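The values are calculated or read from the model by the stated rules, or taken from the named source; none is laboratory data. Since we're looking at a predicted model, the values are computed, not measured. Cβ placement follows ideal geometry from the backbone for every residue including glycine, while neighbour counts extend to all protein chains displayed. Accessible surface is based on the protein model in full, side chains and every heavy atom, while ligands, DNA and RNA are left aside. Shrake-Rupley method; radii C 1.70, N 1.55, O 1.52, S 1.80 Å.
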Amino acid sequence: MLDYVGLEADLSEEERLIRDTAREFVDERVRPDIGDHFQAGTFPTGLIEEMGEMGFYAPNLDGYGLPNVSETAYGILMQELEACDSGLRSMASVQGALVMYPIHAYGSDDQKERWLPALGEGEAVGCFGLTEPDHGSNPAGMETRAERDGDEYVLHGSKTWITNAPIADVAVVWARDESDGDDADDAPVRGFLVETDRDGITTNEIDDKLSLRASITGEISLQGVRVPESNVLPGVSGMKGPLSCLTQARFGIAWGAVGAARDCFEQAREYALDRDQFGGPIARFQLQQEKLAEMATQITTAQLLAYRLAELKERGDLTPQHVSMAKRNNVRTARDQSRIAREMLGGNGITTDYSPMRHMANMETVYTYEGTHDIHTLVLGEDLTGIAAYE
(Lines give C-alpha, C1' and ligand atoms only; values in the text may rest on other atoms or scores of the structure.)
Protein backbone atom coordinates (compact mmCIF):
# COMPACT_ATOMS: atom_id res chain seq x y z
CA MET A 1 0.00 0.00 0.00
CA LEU A 2 1.17 3.52 -0.76
CA ASP A 3 3.26 4.83 2.16
CA TYR A 4 5.87 6.80 0.27
CA VAL A 5 7.54 8.54 3.21
CA GLY A 6 7.39 5.56 5.57
CA LEU A 7 4.81 6.85 8.05
CA GLU A 8 3.70 3.35 9.00
CA ALA A 9 7.23 2.48 10.10
CA ASP A 10 6.57 4.46 13.28
CA LEU A 11 3.32 2.69 14.18
CA SER A 12 3.11 0.92 17.52
CA GLU A 13 2.47 -2.80 17.69
CA GLU A 14 -1.17 -2.13 18.61
CA GLU A 15 -1.62 0.28 15.71
CA ARG A 16 -0.16 -2.26 13.28
CA LEU A 17 -2.48 -4.93 14.63
CA ILE A 18 -5.52 -2.70 14.13
CA ARG A 19 -4.39 -1.85 10.60
CA ASP A 20 -3.86 -5.49 9.67
CA THR A 21 -7.08 -6.65 11.31
CA ALA A 22 -9.13 -4.03 9.48
CA ARG A 23 -7.49 -4.80 6.14
CA GLU A 24 -8.12 -8.50 6.54
CA PHE A 25 -11.74 -7.91 7.55
CA VAL A 26 -12.33 -5.66 4.55
CA ASP A 27 -10.64 -7.97 2.08
CA GLU A 28 -12.36 -11.13 3.27
CA ARG A 29 -15.79 -9.97 4.46
CA VAL A 30 -16.70 -6.80 2.60
CA ARG A 31 -14.76 -6.08 -0.57
CA PRO A 32 -15.98 -9.13 -2.56
CA ASP A 33 -19.62 -7.95 -2.37
CA ILE A 34 -19.37 -4.17 -1.95
CA GLY A 35 -19.92 -3.48 -5.65
CA ASP A 36 -23.16 -5.46 -5.53
CA HIS A 37 -24.29 -3.54 -2.45
CA PHE A 38 -23.48 -0.25 -4.18
CA GLN A 39 -25.55 -1.22 -7.22
CA ALA A 40 -28.43 -2.46 -5.07
CA GLY A 41 -28.32 0.53 -2.72
CA THR A 42 -27.91 -1.66 0.37
CA PHE A 43 -25.58 -1.90 3.35
CA PRO A 44 -24.25 -5.28 4.57
CA THR A 45 -26.21 -5.13 7.82
CA GLY A 46 -25.17 -8.67 8.68
CA LEU A 47 -21.70 -7.31 9.45
CA ILE A 48 -22.80 -4.73 12.03
CA GLU A 49 -22.42 -7.00 15.05
CA GLU A 50 -19.24 -8.52 13.65
CA MET A 51 -17.75 -5.03 13.37
CA GLY A 52 -18.73 -4.48 16.99
CA GLU A 53 -17.08 -7.70 18.08
CA MET A 54 -13.88 -6.50 16.37
CA GLY A 55 -13.97 -3.18 18.24
CA PHE A 56 -14.61 -0.92 15.27
CA TYR A 57 -17.03 1.41 17.10
CA ALA A 58 -15.45 4.24 19.12
CA PRO A 59 -12.28 2.30 19.97
CA ASN A 60 -10.57 5.55 21.01
CA LEU A 61 -12.93 5.94 23.99
CA ASP A 62 -12.31 4.32 27.36
CA GLY A 63 -14.46 2.43 29.83
CA TYR A 64 -17.62 0.39 29.22
CA GLY A 65 -15.65 -2.29 27.40
CA LEU A 66 -14.12 0.15 24.90
CA PRO A 67 -10.45 -0.38 23.95
CA ASN A 68 -9.13 3.22 24.42
CA VAL A 69 -6.67 2.92 21.52
CA SER A 70 -4.57 5.83 20.25
CA GLU A 71 -6.01 8.48 17.97
CA THR A 72 -3.64 7.29 15.25
CA ALA A 73 -5.02 3.76 15.60
CA TYR A 74 -8.56 5.11 15.31
CA GLY A 75 -7.61 7.11 12.22
CA ILE A 76 -5.96 4.09 10.62
CA LEU A 77 -9.13 2.07 11.24
CA MET A 78 -11.24 4.73 9.47
CA GLN A 79 -8.69 4.77 6.63
CA GLU A 80 -8.89 1.01 6.10
CA LEU A 81 -12.69 0.95 6.22
CA GLU A 82 -13.05 3.75 3.68
CA ALA A 83 -10.45 2.14 1.43
CA CYS A 84 -13.26 -0.36 0.89
CA ASP A 85 -16.20 2.05 0.75
CA SER A 86 -17.31 5.31 2.32
CA GLY A 87 -20.54 3.66 3.43
CA LEU A 88 -18.61 1.24 5.62
CA ARG A 89 -16.63 4.01 7.28
CA SER A 90 -19.79 6.12 7.65
CA MET A 91 -21.50 3.34 9.58
CA ALA A 92 -18.61 3.06 12.03
CA SER A 93 -18.06 6.82 12.17
CA VAL A 94 -21.67 7.66 12.98
CA GLN A 95 -21.99 4.87 15.53
CA GLY A 96 -18.76 5.87 17.28
CA ALA A 97 -18.15 9.58 16.85
CA LEU A 98 -21.71 10.89 16.58
CA VAL A 99 -23.64 8.58 18.90
CA MET A 100 -21.27 6.94 21.37
CA TYR A 101 -19.06 10.01 21.78
CA PRO A 102 -21.82 12.39 22.99
CA ILE A 103 -23.17 9.74 25.36
CA HIS A 104 -19.64 9.12 26.65
CA ALA A 105 -18.82 12.84 26.95
CA TYR A 106 -22.15 14.30 28.08
CA GLY A 107 -24.35 11.42 29.21
CA SER A 108 -25.40 10.37 32.70
CA ASP A 109 -24.00 7.23 34.28
CA ASP A 110 -27.28 5.43 33.59
CA GLN A 111 -27.23 6.50 29.93
CA LYS A 112 -23.65 5.31 29.54
CA GLU A 113 -24.38 1.97 31.18
CA ARG A 114 -27.46 1.41 29.08
CA TRP A 115 -26.13 2.37 25.66
CA LEU A 116 -22.33 2.30 25.38
CA PRO A 117 -21.80 -1.47 25.76
CA ALA A 118 -24.68 -2.29 23.41
CA LEU A 119 -23.58 0.23 20.79
CA GLY A 120 -19.93 -0.74 21.12
CA GLU A 121 -20.72 -4.39 20.51
CA GLY A 122 -23.04 -3.65 17.60
CA GLU A 123 -26.04 -5.07 19.42
CA ALA A 124 -27.71 -1.67 19.05
CA VAL A 125 -27.42 0.88 16.23
CA GLY A 126 -27.51 4.64 16.68
CA CYS A 127 -27.98 7.69 14.50
CA PHE A 128 -27.32 11.43 14.90
CA GLY A 129 -30.19 13.84 14.29
CA LEU A 130 -28.90 17.34 13.56
CA THR A 131 -29.41 18.28 9.88
CA GLU A 132 -32.90 19.48 8.99
CA PRO A 133 -34.66 19.95 5.64
CA ASP A 134 -34.15 23.73 5.80
CA HIS A 135 -31.00 23.87 7.92
CA GLY A 136 -27.84 22.16 6.72
CA SER A 137 -24.81 24.44 6.81
CA ASN A 138 -26.48 26.55 9.51
CA PRO A 139 -27.46 24.02 12.18
CA ALA A 140 -28.03 26.80 14.72
CA GLY A 141 -31.18 27.66 12.75
CA MET A 142 -32.78 24.34 13.78
CA GLU A 143 -36.54 24.28 14.09
CA THR A 144 -36.90 21.04 16.04
CA ARG A 145 -38.36 21.88 19.44
CA ALA A 146 -38.64 20.22 22.84
CA GLU A 147 -40.86 21.31 25.71
CA ARG A 148 -41.13 19.92 29.20
CA ASP A 149 -44.43 18.36 30.25
CA GLY A 150 -44.18 17.14 33.82
CA ASP A 151 -41.28 14.72 34.04
CA GLU A 152 -41.21 14.25 30.25
CA TYR A 153 -40.19 16.20 27.18
CA VAL A 154 -42.28 16.41 24.03
CA LEU A 155 -40.39 16.72 20.73
CA HIS A 156 -41.61 18.09 17.41
CA GLY A 157 -39.58 18.46 14.23
CA SER A 158 -37.80 16.66 11.43
CA LYS A 159 -34.24 15.70 10.53
CA THR A 160 -32.93 14.55 7.16
CA TRP A 161 -29.88 12.93 5.55
CA ILE A 162 -29.41 10.85 8.68
CA THR A 163 -27.06 7.88 8.27
CA ASN A 164 -28.38 4.69 9.94
CA ALA A 165 -31.76 6.24 10.78
CA PRO A 166 -33.94 3.48 9.24
CA ILE A 167 -32.08 0.76 11.19
CA ALA A 168 -31.34 2.71 14.38
CA ASP A 169 -32.46 1.71 17.85
CA VAL A 170 -31.68 5.13 19.29
CA ALA A 171 -31.31 8.60 17.83
CA VAL A 172 -29.28 11.41 19.37
CA VAL A 173 -31.63 14.26 18.51
CA TRP A 174 -30.64 17.89 18.94
CA ALA A 175 -33.51 20.29 19.63
CA ARG A 176 -34.18 23.69 21.14
CA ASP A 177 -35.54 23.38 24.66
CA GLU A 178 -38.39 25.89 24.99
CA SER A 179 -39.36 24.75 28.49
CA ASP A 180 -38.32 28.05 30.14
CA GLY A 181 -40.32 30.20 27.75
CA ASP A 182 -37.30 31.52 25.84
CA ASP A 183 -37.78 33.03 22.41
CA ALA A 184 -37.65 30.21 19.87
CA ASP A 185 -34.29 31.28 18.45
CA ASP A 186 -32.78 31.84 21.90
CA ALA A 187 -33.88 28.56 23.48
CA PRO A 188 -30.85 26.43 24.40
CA VAL A 189 -29.95 23.45 22.23
CA ARG A 190 -30.13 20.16 24.14
CA GLY A 191 -29.40 16.56 23.20
CA PHE A 192 -32.10 13.90 23.61
CA LEU A 193 -31.75 10.13 23.41
CA VAL A 194 -34.84 9.03 21.51
CA GLU A 195 -35.58 5.33 21.14
CA THR A 196 -36.95 4.77 17.65
CA ASP A 197 -39.78 2.52 18.82
CA ARG A 198 -41.52 5.39 20.65
CA ASP A 199 -44.91 6.65 19.47
CA GLY A 200 -44.72 9.56 17.07
CA ILE A 201 -41.30 8.83 15.53
CA THR A 202 -40.76 7.57 11.99
CA THR A 203 -37.46 6.93 10.21
CA ASN A 204 -38.14 6.61 6.49
CA GLU A 205 -35.31 5.62 4.16
CA ILE A 206 -34.11 7.99 1.42
CA ASP A 207 -34.01 6.10 -1.87
CA ASP A 208 -32.57 6.77 -5.34
CA LYS A 209 -29.21 8.11 -4.17
CA LEU A 210 -26.49 8.35 -6.82
CA SER A 211 -23.74 8.50 -4.20
CA LEU A 212 -22.95 6.65 -0.96
CA ARG A 213 -25.30 3.93 -2.13
CA ALA A 214 -23.84 1.25 0.15
CA SER A 215 -25.12 3.17 3.16
CA ILE A 216 -28.55 3.42 4.77
CA THR A 217 -29.74 7.03 4.86
CA GLY A 218 -33.05 8.29 6.16
CA GLU A 219 -35.19 10.94 7.77
CA ILE A 220 -36.39 11.35 11.33
CA SER A 221 -39.89 12.71 11.87
CA LEU A 222 -40.84 13.66 15.43
CA GLN A 223 -44.54 14.29 15.98
CA GLY A 224 -45.23 14.75 19.67
CA VAL A 225 -42.64 12.17 20.72
CA ARG A 226 -42.45 11.84 24.49
CA VAL A 227 -39.19 10.97 26.24
CA PRO A 228 -38.48 10.98 29.98
CA GLU A 229 -36.28 13.68 31.45
CA SER A 230 -33.70 10.97 32.09
CA ASN A 231 -33.17 10.79 28.29
CA VAL A 232 -31.71 14.31 28.13
CA LEU A 233 -27.92 14.49 27.90
CA PRO A 234 -27.17 16.36 31.15
CA GLY A 235 -23.58 17.38 30.46
CA VAL A 236 -23.98 19.94 27.68
CA SER A 237 -26.19 22.79 26.53
CA GLY A 238 -25.87 24.92 23.42
CA MET A 239 -24.31 24.31 20.01
CA LYS A 240 -21.11 23.08 21.67
CA GLY A 241 -22.79 19.68 21.98
CA PRO A 242 -23.46 18.84 18.34
CA LEU A 243 -20.44 20.74 17.02
CA SER A 244 -18.03 18.85 19.28
CA CYS A 245 -19.47 15.61 17.91
CA LEU A 246 -18.91 16.81 14.35
CA THR A 247 -15.27 17.58 15.17
CA GLN A 248 -14.82 13.97 16.28
CA ALA A 249 -16.47 12.64 13.12
CA ARG A 250 -14.57 14.97 10.79
CA PHE A 251 -11.31 13.76 12.26
CA GLY A 252 -12.26 10.26 11.13
CA ILE A 253 -13.35 11.52 7.72
CA ALA A 254 -9.98 13.20 7.15
CA TRP A 255 -8.36 9.81 7.68
CA GLY A 256 -11.00 7.86 5.80
CA ALA A 257 -10.70 9.96 2.66
CA VAL A 258 -7.01 9.06 2.51
CA GLY A 259 -8.02 5.40 2.42
CA ALA A 260 -10.37 5.95 -0.51
CA ALA A 261 -7.72 7.92 -2.41
CA ARG A 262 -5.06 5.31 -1.68
CA ASP A 263 -7.30 2.51 -2.95
CA CYS A 264 -7.86 4.44 -6.18
CA PHE A 265 -4.10 4.87 -6.60
CA GLU A 266 -3.41 1.19 -6.02
CA GLN A 267 -6.07 0.16 -8.54
CA ALA A 268 -4.70 2.59 -11.14
CA ARG A 269 -1.08 1.54 -10.61
CA GLU A 270 -1.90 -2.17 -10.82
CA TYR A 271 -3.99 -1.62 -13.94
CA ALA A 272 -1.29 0.45 -15.62
CA LEU A 273 1.27 -2.29 -15.01
CA ASP A 274 -1.03 -5.06 -16.26
CA ARG A 275 -2.73 -3.35 -19.20
CA ASP A 276 -0.83 -3.89 -22.47
CA GLN A 277 -1.26 -1.46 -25.36
CA PHE A 278 1.08 -0.79 -28.30
CA GLY A 279 3.34 -3.65 -27.31
CA GLY A 280 3.74 -3.16 -23.57
CA PRO A 281 2.19 -1.98 -20.28
CA ILE A 282 0.68 1.50 -20.35
CA ALA A 283 2.69 2.25 -17.19
CA ARG A 284 5.70 2.86 -19.45
CA PHE A 285 4.13 5.96 -20.97
CA GLN A 286 5.08 9.37 -19.60
CA LEU A 287 1.45 10.51 -19.42
CA GLN A 288 0.53 7.61 -17.12
CA GLN A 289 3.63 8.03 -14.97
CA GLU A 290 2.87 11.73 -14.52
CA LYS A 291 -0.61 10.87 -13.28
CA LEU A 292 0.72 8.27 -10.85
CA ALA A 293 3.42 10.63 -9.59
CA GLU A 294 0.91 13.40 -8.97
CA MET A 295 -1.57 11.04 -7.29
CA ALA A 296 1.14 9.69 -5.00
CA THR A 297 2.26 13.21 -4.09
CA GLN A 298 -1.22 14.48 -3.28
CA ILE A 299 -2.13 11.36 -1.27
CA THR A 300 1.14 11.49 0.67
CA THR A 301 0.44 15.13 1.54
CA ALA A 302 -3.00 14.13 2.81
CA GLN A 303 -1.46 11.30 4.85
CA LEU A 304 0.98 13.70 6.49
CA LEU A 305 -1.87 16.02 7.47
CA ALA A 306 -3.90 13.14 8.92
CA TYR A 307 -0.98 11.86 11.00
CA ARG A 308 -0.27 15.36 12.32
CA LEU A 309 -3.93 15.74 13.26
CA ALA A 310 -3.70 12.58 15.36
CA GLU A 311 -0.61 13.90 17.16
CA LEU A 312 -2.39 17.15 18.00
CA LYS A 313 -5.50 15.31 19.16
CA GLU A 314 -3.49 12.95 21.34
CA ARG A 315 -1.90 15.80 23.27
CA GLY A 316 -5.07 17.90 23.48
CA ASP A 317 -4.02 20.65 21.05
CA LEU A 318 -6.40 19.86 18.19
CA THR A 319 -8.82 22.65 17.21
CA PRO A 320 -11.95 22.46 15.06
CA GLN A 321 -10.13 24.65 12.54
CA HIS A 322 -7.33 22.09 12.24
CA VAL A 323 -9.96 19.48 11.48
CA SER A 324 -11.64 21.75 8.93
CA MET A 325 -8.36 22.10 7.05
CA ALA A 326 -7.79 18.35 6.98
CA LYS A 327 -11.37 17.43 6.07
CA ARG A 328 -11.38 20.05 3.32
CA ASN A 329 -8.01 19.08 1.86
CA ASN A 330 -8.19 15.31 2.16
CA VAL A 331 -11.69 14.90 0.78
CA ARG A 332 -10.85 17.20 -2.13
CA THR A 333 -7.75 15.09 -2.76
CA ALA A 334 -9.77 11.88 -2.78
CA ARG A 335 -12.39 13.44 -5.02
CA ASP A 336 -9.80 14.64 -7.56
CA GLN A 337 -7.58 11.55 -7.53
CA SER A 338 -10.48 9.12 -7.86
CA ARG A 339 -11.34 10.84 -11.12
CA ILE A 340 -7.78 10.54 -12.39
CA ALA A 341 -7.68 6.86 -11.42
CA ARG A 342 -10.96 6.21 -13.24
CA GLU A 343 -9.52 7.97 -16.28
CA MET A 344 -6.48 5.66 -16.26
CA LEU A 345 -8.73 2.60 -16.25
CA GLY A 346 -10.45 3.68 -19.45
CA GLY A 347 -13.78 2.06 -20.23
CA ASN A 348 -13.20 -0.69 -17.67
CA GLY A 349 -13.22 1.98 -14.99
CA ILE A 350 -16.95 2.59 -15.24
CA THR A 351 -17.81 -0.91 -14.00
CA THR A 352 -18.13 -2.14 -10.42
CA ASP A 353 -15.23 -4.51 -11.10
CA TYR A 354 -12.99 -1.57 -10.18
CA SER A 355 -13.35 0.80 -7.24
CA PRO A 356 -12.35 4.31 -8.46
CA MET A 357 -15.70 5.33 -9.95
CA ARG A 358 -17.53 4.06 -6.86
CA HIS A 359 -15.15 6.09 -4.69
CA MET A 360 -15.59 9.05 -7.03
CA ALA A 361 -19.38 8.93 -6.63
CA ASN A 362 -19.09 8.49 -2.85
CA MET A 363 -16.78 11.48 -2.54
CA GLU A 364 -19.52 13.75 -3.84
CA THR A 365 -21.37 12.99 -0.61
CA VAL A 366 -18.32 13.14 1.63
CA TYR A 367 -17.39 16.47 -0.01
CA THR A 368 -20.80 17.79 1.12
CA TYR A 369 -21.63 16.19 4.45
CA GLU A 370 -20.15 17.01 7.85
CA GLY A 371 -19.62 20.58 6.64
CA THR A 372 -19.43 21.36 2.94
CA HIS A 373 -16.10 22.15 1.31
CA ASP A 374 -17.15 25.80 1.04
CA ILE A 375 -18.15 26.07 4.69
CA HIS A 376 -14.83 24.61 5.84
CA THR A 377 -13.14 27.16 3.57
CA LEU A 378 -14.96 29.94 5.41
CA VAL A 379 -14.12 28.42 8.80
CA LEU A 380 -10.45 28.66 7.86
CA GLY A 381 -10.92 32.12 6.43
CA GLU A 382 -12.43 33.35 9.69
CA ASP A 383 -9.62 31.78 11.71
CA LEU A 384 -7.00 33.42 9.51
CA THR A 385 -8.59 36.89 9.31
CA GLY A 386 -10.87 37.18 12.32
CA ILE A 387 -13.79 37.99 10.00
CA ALA A 388 -16.78 35.66 9.71
CA ALA A 389 -17.74 35.76 6.03
CA TYR A 390 -20.95 33.75 6.53
CA GLU A 391 -22.60 36.24 8.91
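For this structure, a couple of remarks:
- Among residues of segment 81-108 being touching a Gly at 6+ places or on another chain (Cβ under 6 Å) and charged (D, E, K, R), the one that is nearest to Phe43 (Cα to Cα) is Arg89.
- Number of the exception - Leu88 against (1) open to solvent by 10 Å² or more (accessible area, probe 1.4 Å); (2) of a type outside the set (Gly, Ala, Ser); (3) assigned to a helix (DSSP H, G or I): (1)
- Meets criteria (surrounded by fewer than 17 Cβ atoms within 10 Å (Cβ to Cβ), in contact (Cβ under 8 Å) with a residue 40 or more places away in the chain and either within 18 Å of the chain's Cα centre (by Cα) or outside any helix (DSSP H, G or I) (or both)) for Asp353: yes
- For segment 113-138, filtered to residues that are part of a helix (DSSP H, G or I) and surrounded by fewer than 17 Cβ atoms within 10 Å (Cβ to Cβ), the residue that is nearest to the chain's Cα centre (by Cα) is Pro117.
- Members of segment 199-221 found to be in contact with a strand residue (DSSP E or B) (Cβ under 8 Å, 6 or more places away or on another chain), over 14 Å from Tyr153 (Cα atoms) and either free of Cβ contacts under 8 Å to residues at least 12 places away in the same chain or among the acidic types (Asp, Glu) (or both), listed by number: Glu205, Glu219
- Restricting Leu77, Leu130 to those that are closer than 27 Å to Gln223 by Cα and in contact with a helix residue (DSSP H, G or I) (Cβ under 9 Å, 6 or more places away or on another chain) reduces the list to Leu130.
- Any hit, segment 211-222, residues being more than 27 Å from Gly46 (Cβ to Cβ), crowded, with 20+ Cβ neighbours inside 10 Å and not hydroxyl-bearing (Ser, Thr, Tyr): yes
- Scope segment 25-56; condition open to solvent by 20 Å² or more (accessible area, probe 1.4 Å), assigned to a helix (DSSP H, G or I) and of a type in the set (Val, Ile, Thr); matching residues: Thr45
- Subset of segment 353-379 [over 18 Å from Ser90 (Cα atoms) and either among the acidic types (Asp, Glu) or modelled with pLDDT under 95 (or both)]: Asp353, Asp374
- For segment 308-320, the set of residues classified as in a helix (DSSP H, G or I) and buried (at least 19 other Cβ atoms within 10 Å of the Cβ) consists of Leu309, Ala310, Lys313, listed by residue number.
- Across segment 178-198, the number of residues qualifying as in a strand (DSSP E or B) and free of Cβ contacts under 8 Å to residues at least 60 places away in the same chain comes to 4.
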